[in-house]
Structure formats: C-alpha cells, structure tokens
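For reference, the structure is listed below as structure tokens.
The values are calculated or read from the model by the stated rules, or taken from the named source; none is laboratory data. Worth saying up front: this structure is predicted, and the values here are computed from it rather than measured. We place every Cβ from the backbone using ideal geometry, glycine too, and count neighbours over all the protein chains shown. The accessibility values were calculated without ligands, DNA or RNA, using every heavy atom of the protein model including side chains. Shrake-Rupley method; radii C 1.70, N 1.55, O 1.52, S 1.80 Å.
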Amino acid sequence: YAIAVATGSMKPNIAVGDVVVVDQKIDYKKLKVGEVIAYRYEGVVIVHRLVDIVVVGDEYYFYTKGDANNAKDDFVIYSNTIIGRADVKIPYVGLPTVWLNELFNSK
C-alpha cells in the first residue's frame with residue numbers, strides 16, 4: 001500500500017510529495033512507540049508517528065503526533081482504523097498526485 005503524503009506534518013522526516021510504503025500485514029499488538037503508522041480518521045488517511053499506546057484489557061488505544069507538530073493529535077486511533085506501518089519512504093515520487101489533488105480539490 002503506497003501513500004503520497006500531502007501535508008508537512010511529518011517534516012523533516014517525511015516531506016510533502018514523498019510516498020510511504022505501508023506494510024499492511026503487521027500485527028497492531030506488536031506496534032511500538034516511535035514507529036510511523038498510516039490510519040484512517042474521519043475519511044482521511046493520516047501518516048503520523050506513534051507516541052503512546054495504552055492497553056486496557058483486550059483493547060488497544062493508539063496516540064500519534066506529526067513530527068512537525070507541537071502536540072500529539074487530540075484523538076484516539078483504534079486498531080480497526082490502522083492501515084499499517086510505514087516502512088519505506090520514496091522521496092518526491094508522489095508530488096504529481098499531491099498537485100492533482102490540490103488542483104481538483106480547490107474548485
């Protein structure tokens with residue numbers, strides 16, 4: 001699964017237009033703080049770094065933060081919204097996709 005990054009929230013590690021390749025076959029129970037994950041939130045795919053994992057009984061609650069952001073995201077990520085772990089970054093390959101999305105979404 002490849003994702004073209006459209007915002008600068010993960011700068012300087014992941015820039016606008018970089019493509020991240022996501023391993024969808026990961027076990028969410030084995031994710032670790034510090035890893036970068038892709039997940040769906042309110043219909044949008046987000047790529048952010050795990051900053052906390054809380055386990056209550058059998059439930060896992062994940063908290064993330066963009067590297068360029070001052071604070072962690074103000075919502076919880078649930079296991080069923082996680083797409084996978086971002087394992088590989090390919091710089092700039094996604095720029096045309098980002099430009100096309102900006103062009104068509106600005107109208």
Please verify whether residue 63 is assigned to a strand (DSSP E or B), hydroxyl-bearing (Ser, Thr, Tyr) and surrounded by fewer than 20 Cβ atoms within 10 Å (Cβ to Cβ), treating the condition exactly as stated.
yes
Scan of the range 15-60 for residues that are assigned to a loop (DSSP other than H, G, I, E, B), among the small types (Gly, Ala, Ser) and open to solvent by less than 40 Å² (accessible area, probe 1.4 Å), ordered by number
15, 17, 34
Of residues in the range 79-107 being within 17 Å of residue 34 (Cα to Cα) and not charged (D, E, K, R), the one most open to solvent (accessible area, probe 1.4 Å):
88
Can you pull out every residue in the range 1-12 that is touching a strand residue (DSSP E or B) at 6+ places or on another chain (Cβ under 8 Å) and surrounded by fewer than 18 Cβ atoms within 10 Å (Cβ to Cβ)?
1, 2
Taking the range 66-98 as the search range and keeping residues that are assigned to a helix (DSSP H, G or I) and under 18 Å from residue 19 (Cβ atoms), which one is modelled with the highest pLDDT?
95
Could you identify the single residue in 27, 52, 23, 18 that is at pLDDT 95 or above, of a type in the set (D, E, K, R) and under 17 Å from residue 97 (Cα atoms)?
18
Within the group 50, 95, 100, which residue is of a type outside the set (Gly, Ala, Ser), free of Cβ contacts under 8 Å to residues at least 12 places away in the same chain and closer than 22 Å to residue 2 by Cα?
100
Positions within the range 32-53 being over 25 Å from residue 93 (Cβ atoms) and not acidic (Asp, Glu), in sequence order:
32, 33, 51, 53
